[in-house]
Amino acid sequence: MIPGRVLDVVGTLARLGLAAVWLVSGVLKAIDPDQTYIAVRAYDVLSPTAVEVVAALLPWAEIALGGLLLVGVGTRVVAALSAGLLLVFIAGVAQAWARGLSIDCGCFGGGGLVDPGETAYVQELLRDTGFLVLAVWLIVRPRALFALDSRLVDTGRT
Amino acid sequence: MGGASRNEKKRRQEAANQRLAAAGIRPPEKSSASRMPLIVVAVVLAVVVVVGLTVLISRSSGDVVPTYTASASGAVVTAGSGPVAIDVYEDYLCPACERFEQRYGDEITTALNDGQLTVRYHSIAILDERTDPPGYSTRAANAALCSVPAGVYPTYHKKLFDSQPAEGSAGLTDDELVAFGTELGAQGDFAACVRGGASAPAIAAETEAAVSDPALQTDGNFGTPTVAIDGTKIDLSNTSWLQDAIAGQ
């Protein structure tokens, strides 16, 4: 049996790690909205209006998820939303790969069409899967250290 | 954790609560407090949606109707007749050019309409290989040059970017390029001009000249969109570049 304290530390690392991922990816997308639009458009899935809306909201949604994870508010819900978003990203990259598009995922800024030899679908999917593991851990066991949740909700523990 | 141990835990919790109640201690009220984080999450996400959509709506361009005139020489279209002249290099397939037109199109059109600005649009075809079959960039640039004598360049140029095909697609067909012109009121034999592709050599020469001009490069590379004033590329990350140019800065 692993002591709860160790699991708490693992949970804390998962929470802060996922928070860092969202904050970095969100900020990189937010500072270059035109590039973000081009990246979203390159998946060739959405209508032009939907691309506009997704490209406008996605960076700020990522920053919000990152901020909430950083302070540890509603960790289980935010982890579930994170997992949902990561699954959408994985589906997006997988469909681009399956359809033979050659795009950069634009996961951390950048994005758009690249030369056929420059795609990195395997790395992108593995990376997103790794992030998904962090999110799943927090869904299963959201308890972690330094979280506001423990102040907002009196769990009866001290 | 199995169902049996879960029940066991629940039973022990209830027993503990009973002992607390017997001692006159009420267990902490869980229902309202445990909703607090959810409320915070919901509020934060609602703010994101509202702010994001507000920014989107405030940035989206309306429809300024172009009233300026244009003339063509080789593969360069000169629009307007204002005192400040800028050179714009665009490829009709380039997604960043579509963004450029979306963001600055209205501002440029207004300045052209008001006689503040002259824009020399250089027809560039660097993405011919990015359609299947190749060649959309050149076909679209040729059609745009045809729209000048047809008298509809200002609206046709905008239409080509508004309807920009995706990279990797077949691009718009010649029929579609002709139909856009007809829709916008093209005069003369626009269809034959589009299908003839007579401007292709001029477009190729213009592209070659732009690509090999060091003054238009960043880190040794030429890309579209590029805007130059007095022959020198300007930094488009400065979003007030056009006001600055008109103000003579």
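Please tell me if B:TYR92 is at pLDDT 80 or above, at negative phi, within 20 Å of the chain's Cα centre (by Cα) and hydroxyl-bearing (Ser, Thr, Tyr). Criteria met by B:TYR92.
Condition check ((1) assigned to a helix (DSSP H, G or I); (2) more than 9 Å from chain B (Cβ to nearest Cβ); (3) modelled with pLDDT of 95 or more; (4) more than 19 Å from B:ALA42 (Cα to Cα)) across all residues:
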{"residue": "A:ALA50", "(1), (2), (3), (4)": "yes, yes, no, yes"}
{"residue": "A:ALA64", "(1), (2), (3), (4)": "yes, no, yes, no"}
{"residue": "A:ALA80", "(1), (2), (3), (4)": "yes, yes, yes, no"}
{"residue": "A:ALA83", "(1), (2), (3), (4)": "yes, yes, yes, no"}
{"residue": "A:LEU87", "(1), (2), (3), (4)": "yes, yes, yes, yes"}
{"residue": "A:ILE90", "(1), (2), (3), (4)": "yes, yes, yes, yes"}
{"residue": "A:GLY117", "(1), (2), (3), (4)": "yes, yes, no, yes"}
{"residue": "A:LEU125", "(1), (2), (3), (4)": "yes, yes, yes, yes"}
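Within the stretch B:214-229, if we keep just the residues that are touching a residue at least 12 places away in the same chain (Cβ under 8 Å) and not in a strand (DSSP E or B), the residue that is nearest to B:PHE100 (Cα to Cα) turns out to be B:PRO225. Within the bounds of the stretch A:132-150, is there any residue that is within 20 Å of A:GLN35 (Cα to Cα), in a helix (DSSP H, G or I) and at pLDDT 90 or above? The answer is no, given that none of the residues of the stretch A:132-150 is within 20 Å of A:GLN35 (Cα to Cα), in a helix (DSSP H, G or I) and at pLDDT 90 or above. Is one or more of the residues making up the stretch B:81-89 aromatic (Phe, Trp, Tyr), buried (at least 24 other Cβ atoms within 10 Å of the Cβ) and touching a residue at least 40 places away in the same chain (Cβ under 8 Å)? Yes, the conditions are met somewhere in the stretch B:81-89.
Scanning the stretch B:151-163 for residues that are of a type outside the set (Val, Ile, Thr) and buried (at least 22 other Cβ atoms within 10 Å of the Cβ) yields B:TYR153, B:PRO154, B:TYR156, B:HIS157, B:LEU160. The set of residues in the stretch A:46-60 that are of a type outside the set (Val, Ile, Thr) and touching a Leu at 6+ places or on another chain (Cβ under 7 Å) comprises A:GLU52, A:ALA56. In this structure, B:ALA170 does not qualify as under 25 Å from A:THR49 (Cβ atoms), touching a residue at least 24 places away in the same chain (Cβ under 8 Å) and in a helix (DSSP H, G or I).
The values are calculated or read from the model by the stated rules, or taken from the named source; none is laboratory data. Here the structure is a predicted model, which is why all the values come from computation and not from measurement. FYI the Cβ positions are ideal-geometry reconstructions off the backbone, even for glycines, and counts take in every protein chain you see.
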